[in-house]
Amino acid sequence: MTVESTAARTPRRSAGSKAGTTGTKRTRTTAKKDAGAEPQLVQLLTPEGKRVKNAEYDKYVAGITPEELRGLYRDMVLTRRFDAEATSLQRQGELGLWASLLGQEAAQIGSGRATREDDYVFPTYREHGVAWCRGVDPANLLGMFRGVNNGGWDPNSNNFQLYTIVIGSQTLHATGYAMGVAKDGADSAVIAYFGDGASSQGDVAESFTFSAVYNAPVVFFCQNNQWAISEPTEKQSRVPIYQRAQGFGFPGVRVDGNDVLGVLAVTRWALERARGGEGPTLVEAFTYRMGAHTTSDDPTRYRGDEERQAWEAKDPILRLRRYLEASNHADEGFFAELEAESDALGKRVREAVRAMPDPDHFAIFENAYADGHALVDEERAQFAAYQASFADEGGN
């Protein structure tokens, strides 16, 4: 596969000279037609499960063992099962909302496993696979979406910040933290996750500016899942997202986000640069959101089956399974054991959520103002009357 990277500090042709990045207006039909096409990116494992050699990035996964490959596969399978269980729980009224990662397992597991224990991670609200890699209990994630905690874990215990709902703001937090790491003289790195939609936020642009000027040891990891809720990527950017790094003076690289080996290699490279004092890197993991943006979304309203089916053929879990089988790195016994472990995880998560208390309906009125407020008091009273009406109906 072709490697398209801005890592080398050499003159490059303009972005407008690349196919698909000119000023020509692209229609929705064109976007659909292009869904199955391969962009220029780093890829070490094809959708068919075949290993591809890459002179620049092979060394970052050269020593990977069959056991570690099985571990990556296990991570993705269990993360997908946990995600599916959470979606079901929301549909059953146990969670208020859920943001699924279906289809993005390789991007998250590959990058998450590339981090060291002393690295610090700043997620958005969809990084369930990264949370898994950092040792966060899945039940703690679900407590937040149930409304019974504000995250459920101590960020400093796992070097994994709490989920950030405000789009893009965590990139500024990550940049500031990374600047502090550099001033402390530590050799650890920081990684900030965001999506293609967040790449249009001013906070992200400011993060790029500050990190470049101060040579901050931060990796910006963009999961380009093609859709910012209902808007396709071409309405977010005239050029591929990774190319934006050029304008800020640091490297950018696009990797096949459904290739866990490719993501692992590229993220290791970027984190190594950061730890070595070479400053920030932008990694664009080119992947796809197979499900809805959240459980309140209906993706059938803005994208068709054709596009989804094209991406299903690139499923990150299936491609690694094909590679494991073709290389004789895993047998049926391994897959059977993993299926049983997956079922056990699903049961544990389900039972943990159903054992959680109902959220305090009146907690939303607390801490809105330091000294209270008449309008909040009025809203609280109105809400109390509304809640009481259900009890009255039950009594009748």
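Take the residues in segment 197-207 that are touching a helix residue (DSSP H, G or I) at 6+ places or on another chain (Cβ under 7 Å) and modelled with pLDDT of 95 or more, then tell me which one is nearest to L101 (Cα to Cα).
Filtering first and then ranking leaves V204.
Please find, among A7, A31, A86, the residue that is assigned to a helix (DSSP H, G or I), buried (at least 16 other Cβ atoms within 10 Å of the Cβ) and at pLDDT below 50. Explain how you work it out, then say what you get.
Numbers: A7 fails: assigned to a helix (DSSP H, G or I); A86 fails: at pLDDT below 50.
The unique qualifying residue is A31.
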In this structure, is A370 assigned to a loop (DSSP other than H, G, I, E, B), open to solvent by less than 80 Å² (accessible area, probe 1.4 Å) and more than 25 Å from S100 (Cα to Cα)? no
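Here's a check for you: in segment 246-266, which residue that is assigned to a helix (DSSP H, G or I) and touching a helix residue (DSSP H, G or I) at 6+ places or on another chain (Cβ under 6 Å) is nearest to V61 (Cα to Cα)? If you could, list the steps in order and put the result at the bottom.
Narrowing segment 246-266 to residues assigned to a helix (DSSP H, G or I): 246-248, 260-266.
So of that shortlist, the ones also touching a helix residue (DSSP H, G or I) at 6+ places or on another chain (Cβ under 6 Å) come out as 248, 260, 263-265.
Details: F248: 29, V260: 11, V263: 10, L264: 7, A265: 6 Å.
Only one residue fits best here, namely A265.
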List the pairs whose first member sits in segment 34-47 and is surrounded by fewer than 23 Cβ atoms within 10 Å (Cβ to Cβ) and modelled with pLDDT under 95, whose second member is assigned to a helix (DSSP H, G or I) and not polar (S, T, N, Q), and whose Cβ atoms are under 7 Å apart, counting only residues at least 6 apart or on separate chains? A35/E307; A35/A310; A35/W311; G36/A310
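Would you confirm whether or not segment 116-125 contains a residue that is open to solvent by less than 50 Å² (accessible area, probe 1.4 Å) and under 14 Å from A352 (Cβ atoms)?
Initially, segment 116-125 is screened for residues open to solvent by less than 50 Å² (accessible area, probe 1.4 Å), giving 119-125.
Within this subset, residues satisfying the condition of being under 14 Å from A352 (Cβ atoms) are none.
For segment 116-125, residues open to solvent by less than 50 Å² (accessible area, probe 1.4 Å) and under 14 Å from A352 (Cβ atoms): absent.
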When every residue in segment 222-266 that is buried (at least 18 other Cβ atoms within 10 Å of the Cβ) and charged (D, E, K, R) is compared, the one farthest from T65 (Cα to Cα) is R244
Residues in segment 280-288: is at least one modelled with pLDDT of 95 or more, under 30 Å from R70 (Cβ atoms) and open to solvent by 30 Å² or more (accessible area, probe 1.4 Å)? no
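Looking at L101, L78, L72, which is the one that is out of contact with any Ser or Thr (no Cβ under 8 Å at 6 or more places or on another chain) and surrounded by 15 or more Cβ atoms within 10 Å (Cβ to Cβ)?
L72
Out of everything in segment 149-168 that is in contact with a helix residue (DSSP H, G or I) (Cβ under 9 Å, 6 or more places away or on another chain) and within 19 Å of L95 (Cα to Cα), what residue ends up being least open to solvent (accessible area, probe 1.4 Å)? If you could, list the steps in order and put the result at the bottom.
At the first step, the residues of segment 149-168 found to be in contact with a helix residue (DSSP H, G or I) (Cβ under 9 Å, 6 or more places away or on another chain) are 149-153, 158, 160-164, 166-168.
In the following step, the residues that additionally are within 19 Å of L95 (Cα to Cα) were identified as 149-153, 162-164.
Numbers: N149: 46, N150: 142, G151: 0, G152: 40, W153: 28, L162: 50, Y163: 22, T164: 23 Å².
Among those that are in contact with a helix residue (DSSP H, G or I) (Cβ under 9 Å, 6 or more places away or on another chain) and within 19 Å of L95 (Cα to Cα), it is G151.
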All but one of (1) open to solvent by 40 Å² or more (accessible area, probe 1.4 Å); (2) in contact with an Asp or Glu (Cβ under 7 Å, 6 or more places away or on another chain); (3) polar (S, T, N, Q) hold for Q108; which doesn't? (1)
Does at least one position in segment 267-276 carry a residue that is surrounded by 17 or more Cβ atoms within 10 Å (Cβ to Cβ) and assigned to a loop (DSSP other than H, G, I, E, B)? no
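Would you confirm, using the coordinates I've provided, whether Q387 is surrounded by fewer than 14 Cβ atoms within 10 Å (Cβ to Cβ) and in contact with a His (Cβ under 7 Å, 6 or more places away or on another chain)?
Numbers: surrounded by fewer than 14 Cβ atoms within 10 Å (Cβ to Cβ): yes; in contact with a His (Cβ under 7 Å, 6 or more places away or on another chain): yes.
Against the criterion (surrounded by fewer than 14 Cβ atoms within 10 Å (Cβ to Cβ) and in contact with a His (Cβ under 7 Å, 6 or more places away or on another chain)), Q387 qualifies.
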Filter pass, S200 being crowded, with 18+ Cβ neighbours inside 10 Å and small (G, A, S): no
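Could you tell me which residue of segment 349-362 is surrounded by the fewest Cβ atoms within 10 Å (Cβ to Cβ), considering only residues that are assigned to a helix (DSSP H, G or I) and in contact (Cβ under 8 Å) with a residue 12 or more places away in the chain?
First pass over segment 349-362, keeping only residues assigned to a helix (DSSP H, G or I): 349-354.
Now drop any that are not in contact (Cβ under 8 Å) with a residue 12 or more places away in the chain, which leaves 349-350, 352-354.
Numbers: V349: 21, R350: 18, A352: 15, V353: 22, R354: 10.
Out of the qualifying residues, it is R354.
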Please specify each residue of segment 162-208 satisfying the condition of being touching an Asp or Glu at 6+ places or on another chain (Cβ under 9 Å), in a loop (DSSP other than H, G, I, E, B) and not polar (S, T, N, Q). Y163, V166, I167, G168, A186, D187, A189, D196, G197
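The values are calculated or read from the model by the stated rules, or taken from the named source; none is laboratory data. Values in this document were obtained by computation on a predicted structure and should not be read as measured data. Glycine gets a Cβ as well: all are built from the backbone with ideal geometry, and neighbour counts include every protein chain shown. SASA here: full protein model, heavy atoms, side chains in, ligands and nucleic acids out. Shrake-Rupley method; radii C 1.70, N 1.55, O 1.52, S 1.80 Å.
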